[in-house]
Amino acid sequence: MSLIDLANPTRFLALSARVLPWLAAATVILLAIGLYQSAYAPDDYQQGATVKIMFIHVPNAWLSMFVWGVMSVASLGTLVWRHPLADVAAKAAAPIGASFTFLALLTGSLWGRPMWGTYWEWDARLTSVLILFLMYLGLMALWRAVEDPSRAARAAAVLTLVGALNLPIIKFSVDWWNTLHQPASVMRMGGSTLDKAFLIPLLVMAIAFTLLFVTLHLAAMRNEILRRRVRSLQMMQASQKAA
Amino acid sequence: MTALAALIRRDLRIALRVGGGALIGVLFFLTVVVLMPFAVGPDLALLTRLGPAILWLGALLASLLTLDRLFMADHEDGSLDLITMSRTPLELACAAKALAHWLAAGLPLVVATPVLGLLLNLDMVATAAVALTLLAGTPALTFTGMIGAALAVTLHRGGLLMAVLVLPLSIPVLIFGVAASQAAITGPLSFGAPFSILCALSLVSLVIGPFAAAASLKHGLD
């Protein structure tokens, strides 16, 4: 079983139909464990109960970048190997990645309100995540702007790869810009010196969210394949009518 | 080499003659800068403070708007197909086209900056700093914007969609361009650090831009 075997959409549909229930079940179980653990995690001595936002916020932020990575690999698949499912994977991942990014921004801003006293701060991390969100939206707009999916796929693949090259540069320059304008006004958790009571639920939640992404992504890919079949059937019907 | 030189000469000639529209970018730049005082008020001290930012934003928008036509006109009259089929590597041809475009549309923006600096009450040092950073930074805008132009021609879509796609990519250039100008005017940071990063960004886009544009042209044209 190699990646090339999946090139047949029918085989992919059959395989994913078998895998999907197990993935969904694993996601639900891990999410339940993670949510239970984070609900019973001790309050932070400084932040109180608001520290629990972290268990939602950090996995979302991690996935916002991970999904762009998945899309970049899929774009390589489109441009280099011409894998037929690569552009389906790239297209299906974009809205999911945008949602994770949006949730990271939203939970971050809700966390920021009690902690920093403001919903929005032009902090380096927040700013670069916002730019990432804008790039997701631009990519989705590109997918929606062109009717022919294969034509849109190649354009989106080029843009995704350019974005992947540019994201570290943007991150670096926003960091630089931020230290220039407002030196270290933002309070942060103690970095990697996270206590075990927080670390274990956080890891469980991170794995659960990653599984959630895989599940949603597979389901979205199935939908996209079916949508394309419907589209080609409709076009066949229309051309038959015209003839 | 002669093919590339011929391409540059041709593009320059087309851009500078009637219907080329190379200098419309400068006119747009002037209009944006003139609009600013109406938005923020005719306070000269405030305009001095905002001056570099206004000039950079104006130049960014002007170079973005002129880029729309970089490949479109050639696609319409069929010469883009000849360029893609010719023996010259498409990456080099894209680089040559972008260079010609920068000479015709980017360089005039730099030349116009001192005049516009007068309108914004910038002193000599500030004007020179902004002009110098624009000289170093506008190639980066042209070469990253070229990716958007190539996508625009393969998708038959231009305008707003391309602006939405390309503008986030130009954020680093904007940050370091304005930072270097501000450093030269007010300090306390040295001018050298942001300016060299700005030059580095231009050099990186000089490499990435032609490859990405050529890739999207190769895969997208039919």
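The values are calculated or read from the model by the stated rules, or taken from the named source; none is laboratory data. Predicted model only: the values in this text are computed from it and were never measured. Note: ideal-geometry Cβ built from the backbone for every residue, glycine included; neighbour counts use all protein chains shown.
Overview of results
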| quantity | calculated |
| --- | --- |
| One residue from B:Thr127, B:Thr133, B:Thr144 being under 14 Å from the mean Cα position of the chain (by Cα) and away from chain A (no Cβ under 12 Å) | B:Thr133 |
| Single residue of the range B:186-222 satisfying the filter (of a type in the set (Val, Ile, Thr) and at the interface with another protein chain (Cβ under 9 Å from one of its Cβ atoms)) that is surrounded by the most Cβ atoms within 10 Å (Cβ to Cβ) | B:Ile197 |
| Filter result (under 16 Å from the mean Cα position of the chain (by Cα) and β-branched (Val, Ile, Thr)) within the range B:42-75 | B:Ile54, B:Thr66 |
| Residues that are more than 9 Å from every other protein chain (Cβ to nearest Cβ) and of a type in the set (Lys, Arg), drawn from the range A:132-158 | A:Arg144 |
| Single residue of the range B:88-101 satisfying the filter (surrounded by fewer than 23 Cβ atoms within 10 Å (Cβ to Cβ), in a helix (DSSP H, G or I) and not small (Gly, Ala, Ser)) that is nearest to the chain's Cα centre (by Cα) | B:Leu99 |
| Of all residues in the range A:146-158 being in contact with a Ser or Thr (Cβ under 8 Å, 6 or more places away or on another chain) and either acidic (Asp, Glu) or farther than 19 Å from A:Met221 by Cβ (or both), the one that is surrounded by the most Cβ atoms within 10 Å (Cβ to Cβ) | A:Val158 |
| Residues within the range B:161-176 that are in contact (Cβ under 8 Å) with a residue 12 or more places away in the chain and either hydrophobic (A, V, I, L, M, F, W, C) or facing chain A (nearest Cβ under 8 Å) (or both), tallied | 10 |
| Flag for A:Gly163 being in contact (Cβ under 8 Å) with a residue 60 or more places away in the chain, within 21 Å of A:Trp177 (Cβ to Cβ) and not hydroxyl-bearing (Ser, Thr, Tyr) | yes |
| The listed residue being surrounded by fewer than 21 Cβ atoms within 10 Å (Cβ to Cβ) and within 12 Å of A:Tyr136 (Cβ to Cβ), out of A:Phe102, A:Phe66 | A:Phe102 |
| Candidate set: the range A:159-169, residues that are within 7 Å of chain B (Cβ to nearest Cβ) and more than 13 Å from B:Val166 (Cα to Cα); chosen: the one surrounded by the fewest Cβ atoms within 10 Å (Cβ to Cβ) | A:Leu165 |
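Each row is one residue, and each column tells you yes or no for (1) of a type in the set (Lys, Arg); (2) at pLDDT 85 or above; (3) touching a Leu at 6+ places or on another chain (Cβ under 8 Å).
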| residue | (1), (2), (3) |
| --- | --- |
| B:Arg17 | yes, no, no |
| B:Ala39 | no, yes, no |
| B:Gly58 | no, yes, yes |
| B:Ile83 | no, yes, yes |
| B:Ala93 | no, yes, yes |
